[in-house]
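The values are calculated or read from the model by the stated rules, or taken from the named source; none is laboratory data. Computed from a predicted structure; not experimentally measured. Quick reminder, even Gly has a Cβ in these numbers, built from the backbone with ideal geometry, and neighbours come from all protein chains shown. The accessibility values were calculated without ligands, DNA or RNA, using every heavy atom of the protein model including side chains. Shrake-Rupley method; radii C 1.70, N 1.55, O 1.52, S 1.80 Å.
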Number of protein chains: 2
Amino acid sequence: MNRVLKGIDNFMKQKSYRIGIDLGGTNIKAGIVDDDQQLIATASNPTKADRPWQEIVADMAETVRQAAAKADISVEACRSVGIGNPGVIDSENGIIVYSNNISWKNIPLAQEFRKHIDLPVHVSNDANCAAMGEVVAGAARGCKNVILLTLGTGVGGGIIINGQVYEGGIGGAELGHATLIAGGKLCTCGRRGCIESYCSATALIREADEALAKHPDSMMAAMKVQAGGMNGKIPFDAAQSGDETAGAVVSQYIEWLAEAVTNYVNIFRPEVVLLSGGVCAQGENLTKPLNEYIRKFAFGGAQTVNTTVKIAQLGNNAGIIGAANFWK
Amino acid sequence: MNRVLKGIDNFMKQKSYRIGIDLGGTNIKAGIVDDDQQLIATASNPTKADRPWQEIVADMAETVRQAAAKADISVEACRSVGIGNPGVIDSENGIIVYSNNISWKNIPLAQEFRKHIDLPVHVSNDANCAAMGEVVAGAARGCKNVILLTLGTGVGGGIIINGQVYEGGIGGAELGHATLIAGGKLCTCGRRGCIESYCSATALIREADEALAKHPDSMMAAMKVQAGGMNGKIPFDAAQSGDETAGAVVSQYIEWLAEAVTNYVNIFRPEVVLLSGGVCAQGENLTKPLNEYIRKFAFGGAQTVNTTVKIAQLGNNAGIIGAANFWK
């Protein structure tokens, strides 16, 4: 039976499992998602990114089979496969145009994957998948227009419009690569002053280290030694203990983030702006000032702003659940 | 016959005219658009923005009747009405939440208009209408994902996604109000450093005047006297005649605009970024450096960028034609 007929057949039988895969630089994670958006089984294997790409794709299929075995279903009972990767994706053709963390360039991922598991495959950016996951099962459940910002080593972004991922052309949704301060700090992308160079965890750590160098009496000094290096939690912890140097770092970081969020409120006027990444452990310490800021500074002010800034809920599972929600 | 039945009736008879209205601070313009997206007749009357809003709405209907008379059709033969206004619009409910140029606040425009002409009415931001007009009949014909930037007194924006206007929530698509240089020049919206405060015609004029004050020997001095004041054309003309002061102003302006355009390429990866407004008379002097810039600095570089920057084609008619293309 060919792929289309099989899809129709599964649909008619109302089989209701879908597969989501998170293809990262370190691990391949796969999960089986049911119609209630529950992740009923997962499996994980190391990516070992250095080997030939065909071997990695074969192991992606193997990881799916392991997850399906745990769920006690056959892979053939599943409707579709979604794959998320933090790269530049040609989602229409299922191609990874460029992915830094696995050093792939123009890899026909969907085509190759189907040699192993013959189901409809959709490939998307991992932040898009995470945004979709939060919409179907997380902090933005039921929302139509949602922006997700992932604050990690870099700043990634996902765009949901009318309940669907906005893929744009090849690439797109690079929400970390719009200017916060044009001509400012050098960004990893080659431009100067992108949001990523001010709002990533990397930027927060850079600012904390610079402040510490100027104010070696800051509480952050001892905390850094104890932690074996600076991290994004230290400035928040020190600030809450009353350390002024850390307080200034945190205030500046929140202001930069507030400017970035206000931009996306003005551009998209979404129902929700979601934040994810390690710094989001700060919870209301982060969302409260951001919500106040957008009501003050977004276009039209409090009268017209009905966006809420929230912390994403599903953590690493968001990407798998979201990837499973592409029907293609 | 009620509105829904009349709509169905018109549809069944395959009547094929739609009405577009451009409600500006100075003039009300109305046009009749046929199925080939031709503007077959137009009419215009002064807005006289100071009077009670109900009178303005009555004159909008009258302007439509004048256009229909010129086209030799009855208003009742038309399928729908679209209205564009440069304000914050609640398009779902047909309400103008706030419009600076006619001093309206929470005006139920669609509801009031239907008292005069009982057809389906859709209200949207004027830049959204212009973007839609260019997609159905202008420089972005047939494109699915398009960004329009209007470079005038301010910087407005329209977003087309999957061939449809993206309305967002109330407001949205305020593409002129994302940061180019956070903390920079004070913007009309109350924030500092928005794209509008660097890329509007107003900003270009400000920069030209400031440069002239520092370099009174610039060619721009005589040109300004002759024109009765600075305008956005003078620095371009003087630069082309070899004036260095003007050349620096133009280079800086184009760089700021290039940064803004690159942002929207990274966020949306659209097929086309359209520019409209007086400064666009510069044509290729503007689009050539912008197209070069995005290929160099957009995320992923020339390999992944398939966006083209173009000048909008339809001028003031874009808004009317676009407004006529909402089916609601």
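Assorted remarks:
- Candidate set from region A:120-173 (those that are part of a strand (DSSP E or B), within 12 Å of another protein chain (Cβ to nearest Cβ) and touching a Lys or Arg at 6+ places or on another chain (Cβ under 8 Å)); member that is nearest to A:Asn100 (Cα to Cα): A:Ile160
- Residue within region A:251-261 that is not in a helix (DSSP H, G or I) and not charged (D, E, K, R) present: no
- Residue count for region A:204-214 under the criterion of being within 30 Å of the chain's Cα centre (by Cα) and open to solvent by 30 Å² or more (accessible area, probe 1.4 Å): the result is 5.
- Considering the conditions (1) surrounded by fewer than 16 Cβ atoms within 10 Å (Cβ to Cβ); (2) of a type outside the set (Val, Ile, Thr); (3) within 30 Å of B:Cys189 (Cα to Cα), B:Ser91 is excluded by exactly one of them, (1).
- When A:Tyr264 is tested against (1) over 19 Å from A:Asp126 (Cβ atoms); (2) within 14 Å of chain B (Cβ to nearest Cβ), just one condition goes unmet, and that condition is (1).
- In this structure, A:Cys187 does satisfy being within 30 Å of B:Leu257 (Cβ to Cβ), free of Cβ contacts under 8 Å to residues at least 24 places away in the same chain and crowded, with 22+ Cβ neighbours inside 10 Å.
- Out of A:Thr202, A:Thr188, sole residue that is within 14 Å of chain B (Cβ to nearest Cβ) and either within 27 Å of B:Phe268 (Cβ to Cβ) or part of a helix (DSSP H, G or I) (or both): A:Thr188
- Subset tally (residues that are over 16 Å from B:Ser74 (Cα atoms) and open to solvent by less than 60 Å² (accessible area, probe 1.4 Å)) for region B:30-43: 1
- Restricting attention to region B:275-285, the residues being part of a helix (DSSP H, G or I) and either within 14 Å of chain A (Cβ to nearest Cβ) or open to solvent by less than 20 Å² (accessible area, probe 1.4 Å) (or both) number 2.
- Residue within region B:74-92 that is hydroxyl-bearing (Ser, Thr, Tyr) and away from chain A (no Cβ under 14 Å) present: yes
- Looking only at region A:215-227, and only at residues there that are within 24 Å of A:Leu151 (Cβ to Cβ) and outside any loop (DSSP other than H, G, I, E, B), the one that is least open to solvent (accessible area, probe 1.4 Å): A:Met220
- Candidate set: region A:242-261, residues that are open to solvent by 30 Å² or more (accessible area, probe 1.4 Å) and small (Gly, Ala, Ser); chosen: the one nearest to the other protein chains (Cβ to nearest Cβ): A:Ser251
- Checking B:Ala68 against (1) touching a Cys at 6+ places or on another chain (Cβ under 8 Å); (2) closer than 30 Å to B:Lys185 by Cα, the condition it does not meet: (2)
- Residue match in region B:286-305 (condition: open to solvent by 60 Å² or more (accessible area, probe 1.4 Å), part of a helix (DSSP H, G or I) and modelled with pLDDT under 95): yes
- Qualifying residue in region B:234-241 (condition: modelled with pLDDT of 95 or more, within 11 Å of chain A (Cβ to nearest Cβ) and open to solvent by 10 Å² or more (accessible area, probe 1.4 Å)): no
- Residue check: B:Glu271 meets all listed conditions (1) of a type outside the set (A, V, I, L, M, F, W, C); (2) open to solvent by 20 Å² or more (accessible area, probe 1.4 Å); (3) under 28 Å from B:Gly24 (Cβ atoms); (4) in contact with a Lys or Arg (Cβ under 9 Å, 6 or more places away or on another chain) but one, namely (3).
- Test: residue in region A:55-64 that is more than 16 Å from A:Asp22 (Cβ to Cβ), buried (at least 18 other Cβ atoms within 10 Å of the Cβ) and away from chain B (no Cβ under 14 Å): no
- For B:Ile195: the one exception among (1) farther than 30 Å from B:Cys143 by Cβ; (2) open to solvent by less than 30 Å² (accessible area, probe 1.4 Å): (1)
- Region A:314-328, residues that are in contact (Cβ under 8 Å) with a residue 40 or more places away in the chain and either in a helix (DSSP H, G or I) or under 12 Å from the mean Cα position of the chain (by Cα) (or both): A:Leu314, A:Asn316, A:Asn317, A:Ala318, A:Gly319, A:Ile320, A:Ile321, A:Gly322, A:Ala323
- Exclusive hit being of a type in the set (D, E, K, R) and closer than 30 Å to A:Gly31 by Cα, set A:Lys288, A:Lys310, A:Lys296: A:Lys310
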